[in-house]
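Visitor: Here it is, the structure in full.
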Amino acid sequence: MAIGAQAFQTTPTNHAPAIVLALTPHLAGWCKTLMDGALGVAGVSAAALGYDKLFNVGVLYPGLETLGGGAILTGLVLAAIGANVIDKKFVNAAAFALAGAVLTFFGFMHGQAVGFAVTPTVAAAYAIVAAFLFALDRYPALAPKLTMSETATATTLAE
């Protein structure tokens, strides 16, 4: 709890969403572990039970499995993308999204094993996000405008 509290206390307050993004894959992995344990005690696995049965009761098991795979790297990449978007550093965010695409393609993120084309659709999604973020930097008219309070906050943080 001390580490979690420190994460919010030592970072700029506007980066709190990036911290939450960093924690999300870990929570997904933890939930999957708890479900696997409970199903194991019942003598069944999620695959044997059927993902459709789990889905019908509101459990998105494949999504938790994908999001929680490689949680440490996934959390770092998502937080870096989020913090750079918050700071309007779209090229940096695009670079992290592109790195996420490569890491995901080879299974270091969002995968249960390292390999080739482990989760290609998720890797493609990261590549699309990278292209979009790069476009935001190249075409500033697409980027959201700062309000007066956000401009004052950004100026204060820069000082």
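The values are calculated or read from the model by the stated rules, or taken from the named source; none is laboratory data. Remember, predicted model here, so these are calculated numbers, not experimental data. Cβ placement follows ideal geometry from the backbone for every residue including glycine, while neighbour counts extend to all protein chains displayed.
Visitor: Would you mind telling me which numbered condition in (1) within 16 Å of Ala28 (Cα to Cα); (2) surrounded by fewer than 17 Cβ atoms within 10 Å (Cβ to Cβ) Val41 fails?
Guide: (1)
Visitor: Test Pro62 against the criterion of being at pLDDT 90 or above and either in contact with a Leu (Cβ under 6 Å, 6 or more places away or on another chain) or at positive phi (or both), and give yes or no.
Guide: No: the conditions fail for Pro62.
Visitor: When you check Leu60 against the structure, is it in contact (Cβ under 8 Å) with a residue 12 or more places away in the chain and under 26 Å from Phe108 (Cα atoms), yes or no?
Guide: Considered against the rule, which asks whether it is in contact (Cβ under 8 Å) with a residue 12 or more places away in the chain and under 26 Å from Phe108 (Cα atoms), Leu60 comes out as no.
Visitor: Another one. So, in region 102-117, of the ones that are crowded, with 22+ Cβ neighbours inside 10 Å and farther than 14 Å from Gly75 by Cβ, which residue ends up modelled with the highest pLDDT?
Guide: Checked region 102-117; the qualifying residue modelled with the highest pLDDT is Phe105.
Visitor: Quick check on Ala113: is it over 18 Å from Val20 (Cα atoms) and in a loop (DSSP other than H, G, I, E, B)?
Guide: Values: over 18 Å from Val20 (Cα atoms): yes; in a loop (DSSP other than H, G, I, E, B): yes.
Criteria met by Ala113.
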